[in-house]
Protein chains: 2
Amino acid sequence: MYEPFLQRAIALAIENVNSGQGGPFAALIVKDGKIIAEGANRVTSASDPTAHAEIEAIRQACRVLGNFQLSGCDLYASCEPCPMCFGAIYWARPDRVLYAASAADAAAAGFDDAFIYEELRCPPSDRRLSITQLLHPEALRPFQAWLSSSSKKPY
Amino acid sequence: MYEPFLQRAIALAIENVNSGQGGPFAALIVKDGKIIAEGANRVTSASDPTAHAEIEAIRQACRVLGNFQLSGCDLYASCEPCPMCFGAIYWARPDRVLYAASAADAAAAGFDDAFIYEELRCPPSDRRLSITQLLHPEALRPFQAWLSSSSKKPY
């Protein structure tokens with residue numbers, strides 16, 4: 001039952017390379033046994049570093065459903081999601097994730113996200129990324145505005 | 001030199017709550033001392049779980065520059081980025097990240113991404129997310145297509 005959807009994701013990933021649209025990655029979202037959204041990597045063609053296949057498929061599925069949550073949906077990806085896409089998956093909350101190639105397979109083809117996992121496991125002060133916290137007391141003002149807002153829409 | 005940009009991000013985050021557009025988060029991208037892109041959280045108003053402030057600002061800056069890399073740019077965020085946004089930051093490669101509120105401040109206001117960090121630190125088999133790998137040998141075909149493509153644009 002899962003394989004045809006993963007085979008479709010793999011076929012889309014190959015098509016994406018052959019059409020020159022982007023990297024060898026595709027993903028799709030299935031709800032009630034039907035594909036409701038498909039996405040492929042568009043980083044180079046859209047000049048968008050966030051346009052990974054999973055993000056594209058999640059955004060498209062949410063547009064279709066008019067909802068920012070994907071409960072009741074499964075995400076199929078031609079490859080194991082990177083940390084950015086994992087984060088997006090946790091926020092979108094699909095029921096399940098199924099994938100084909102491993103992160104190690106992607107790394108062997110030149111797509112290596114291991115350094116991002118390593119950085120996220122480090123305490124911020126040990127990261128290679130230059131990251132600085134400033135203006136701490138003022139920083140709380142948006143949260144104060146949120147907590148006192150009567151028109152907020154929690155998510 | 002950094003504070004006015006962070007103050008602008010904080011002001012945008014407050015504005016975003018007051019206008020009902022989304023959560024209390026904003027971010028902006030600065031290049032050569034000038035703001036080239038701004039973004040605020042649009043999760044609920046755009047029905048898009050990936051529409052965090054940092055992702056919005058990165059996508060907008062890349063559109064402005066016509067590039068999928070933000071080298072020479074700094075990212076300012078009203079709050080410490082979540083794992084999804086951290087992933088996006090690593091892919092976009094700005095020179096520096098500056099932020100105001102901490103993840104703990106966000107958690108105190110109801111925005112808790114600690115569970116995502118915990119999940120990313122777990123081996124996949126120990127994660128709460130249902131995630132399954134299937135179809136391994138077929139999964140390599142997109143990478144074979146990529147490696148043998150003469151028209152690919154590496155990123």
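The values are calculated or read from the model by the stated rules, or taken from the named source; none is laboratory data. Keep in mind that what you see is a predicted model, and the values were worked out from it rather than measured. FYI the Cβ positions are ideal-geometry reconstructions off the backbone, even for glycines, and counts take in every protein chain you see. Side chains included, ligands, DNA and RNA excluded: accessible areas come from the protein's heavy atoms. Shrake-Rupley method; radii C 1.70, N 1.55, O 1.52, S 1.80 Å.
Points worth noting:
- Region A:20-37 - residue that is within 10 Å of another protein chain (Cβ to nearest Cβ) and surrounded by 24 or more Cβ atoms within 10 Å (Cβ to Cβ) and, of those, farthest from A:Tyr76 (Cα to Cα): A:Gly22
- Filtering region A:118-155 to residues that are more than 7 Å from chain B (Cβ to nearest Cβ), more than 19 Å from B:Tyr76 (Cβ to Cβ) and over 25 Å from the mean Cα position of the chain (by Cα) leaves A:Ser125, A:Asp126, A:Gln144, A:Ser148, A:Ser150.
- Test: residue in region A:146-155 that is in contact with a Leu (Cβ under 6 Å, 6 or more places away or on another chain) and surrounded by fewer than 17 Cβ atoms within 10 Å (Cβ to Cβ): no
- Only one entry in B:Leu98, B:Leu75 is farther than 23 Å from A:Ala92 by Cα and more than 7 Å from chain A (Cβ to nearest Cβ), namely B:Leu75.
- Region A:112-152, residues that are in contact with a Gly (Cβ under 7 Å, 6 or more places away or on another chain) and in a loop (DSSP other than H, G, I, E, B): A:Ser151
- Strands (runs of 3 or more DSSP E) within region B:1-80 that include 1 or more residues of a type in the set (Asp, Glu): B:34-40, B:73-79
- Residue match in region B:124-143 (condition: under 28 Å from B:Leu70 (Cβ atoms) and surrounded by fewer than 14 Cβ atoms within 10 Å (Cβ to Cβ)): no
- Exactly one residue out of A:Ala40, A:Ala57, A:Ala106 is open to solvent by less than 10 Å² (accessible area, probe 1.4 Å), within 26 Å of B:Ala46 (Cβ to Cβ), touching a residue at least 24 places away in the same chain (Cβ under 8 Å) and out of contact with any Ser or Thr (no Cβ under 6 Å at 6 or more places or on another chain), and it is A:Ala57.
- Condition met for B:Val17 (more than 9 Å from chain A (Cβ to nearest Cβ), modelled with pLDDT of 95 or more and buried (at least 19 other Cβ atoms within 10 Å of the Cβ)): no
- Region B:49-103, residues that are under 12 Å from the mean Cα position of the chain (by Cα) and among the β-branched types (Val, Ile, Thr): B:Thr50, B:Ile55, B:Ile58, B:Ile89, B:Val97
- Of residues in region B:1-14 being within 8 Å of another protein chain (Cβ to nearest Cβ) and touching a Ser or Thr at 6+ places or on another chain (Cβ under 6 Å), the one nearest to A:Ala51 (Cα to Cα): B:Ala13
- Verdict on A:Pro49 being at the interface with another protein chain (Cβ under 7 Å from one of its Cβ atoms), touching a helix residue (DSSP H, G or I) at 6+ places or on another chain (Cβ under 6 Å), farther than 26 Å from B:Ala114 by Cβ and surrounded by 24 or more Cβ atoms within 10 Å (Cβ to Cβ): no
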